[in-house]
Amino acid sequence: MGAFSIKGDKVIWMTVVMFALISVVAVFSSSSFLASSQGTSKLVIFLEQIKSVLVGLSALFICYLIPMRWYRNLAFVYFGICVAMLLMLYIPPFQARINGAVRGIKIASHTIQPFEFAKVGMVLYLARAIEKWEDSLDTYKDFFLKIALPIFAVCGLIVSNSVSSTLLVGGISMLVLVFMEIRWKYIFAMMGVILLAGGLMYGIYTVAFKGSQEKLDTPVGKIFNRFGTVESRFESFKTDEEEEVDKESKRQSENAMVAISEGGLFGKGPGNSTQRYSLSMAFSDFIFAFIVEEYGLMGGSLIIALYIVLLFRCIRLTTRCRTSFTSALVTGLAYMIIIQAFIHILVNVRLIPITGQTLPLVSHGGTAYLAMSGAVGIILSVNKQLDKQDMMEASRLSVENQQIGNNEIKPEDNN
């Protein structure tokens, strides 16, 4: 038996390893505020992040080893599990509050954030659905039942606890549909429904629930609870006055800008950040700003370059895909990682309001790191299959050429 070897795009493998190293170093250095608030030490958080990274890399490797036919056959099953986990967010015994919202579910002694798995599940579902029904989406009814309705269901289950995650899932879904050349009239109709539903929900919030915490605490009011948060974050983003609704968001954003401005070209150096003591989410929501403070513009540019490299390697991979399933799968997962990364960066440089989206494969956290690592593992699994198919095709052509060459050799005439 031959020695086991890692296959797939070596550049993607190297990018993931670099992200893992950056994550461990950055989280350890930025965790002063977290350690103080939890009454623990930075060493404990450091060991937690190493554990998260190792679990994430293990998930990546397992997803890499799983044959592509398994993803195709189990796509709908995984999507169903994701929907079930989202439904558990509405069952009180399973609810876990994170940053003022129900974003996790408690299973045994662990807290899981279903949103992260739902992002991957949505892409898997769309990839399989498009492949399975691409020749039967002749009417809007078919498109609505097989494509649009599952997207609406997932977004509807997420929106009451995270508007930004809802927009991210919806946006990625739209990009997959556009990339896979679904009819534009269907996509525009779907966008119209989304805008109408969003406007209707905001209107109900404004008329019936805005300004009344008592009403927002009712079972129906909780559906609209995050609209107030979104509204306050927009207010804090667009005004420089002191009476903004969400002063904490304003302070976080300003501290992030201070961290970036103090970083300069080469940064203050590892362990020399000052904003980590006041930037409470430096280890997650604002880790890019923290990295720029300690490693400067050069460090921030390296992070951006790594994501761009990952994106272009995935685009290159899609040009080799032979089925709509693999093409949609790689496209959706790549967009998921890259779009979330740049949303995080844009928040950190204060170009858009705070969203709460972490930096993929870098920020502190178990579920997010696990889900994103699994997504990269799926991409590498597609890559491995394509490499295998290319080798088989090259071998077949080689045999055929050899046979043609043998047929052209004529026996000598002995007469």
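List the relative contact order of segment 42-139 as a percent without decimals, with contacts defined as Cα pairs under 8 Å and 6+ residues apart.
Details: 63 pairs, mean separation 22.1, N = 98.
That works out to 23 percent.
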key: Long-range lysine pairs (8 or more apart or interchain), segment 82-229, Cα under 24 Å   = 11
remark   = For segment 1-146, the convex hull over Cα atoms projects on average to an area in nm² of 13.7 nm²
message = Quick check: the angle from helix 42-65's long axis to the longest principal axis of the chain, C-alpha only, nearest 10 degrees?
response = 30 degrees
ask   = Any idea what angle helix 366-408 forms with the longest principal axis of the chain, computed on alpha-carbon atoms, 0 to 90 degrees, nearest 10?
value = 10 degrees
note = Rg from C-alpha atoms of segment 54-140, normalised by the globular rule of thumb 2.2 N^0.38 Å, equals 1.32
ask   = If you find the alpha carbon centre of segment 7-25 and of segment 53-72, how far apart are they in angstrom?
value = 15 Å
Cα centroid of segment 325-378 to Cα centroid of segment 292-319, whole Å = 12 Å
request  = Compute the Kirkwood hydrodynamic radius of the chain, taking the inverse of the mean of 1/r over all pairs of distinct Cα atoms, and give it in Å to one decimal.
outcome  = 23.3 Å
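Given segment 101-151, report the % of alpha carbon pairs whose separation exceeds 11 Å. Write out the running numbers ahead of the final one.
Working: 929 of 1275 pairs.
For segment 101-151, the fraction of Cα-Cα distances above 11 Å is 73 percent.
We did not get these values from a lab; they are worked out from the coordinates using the rules stated. Because the structure is a prediction, the values reported are computed rather than measured.
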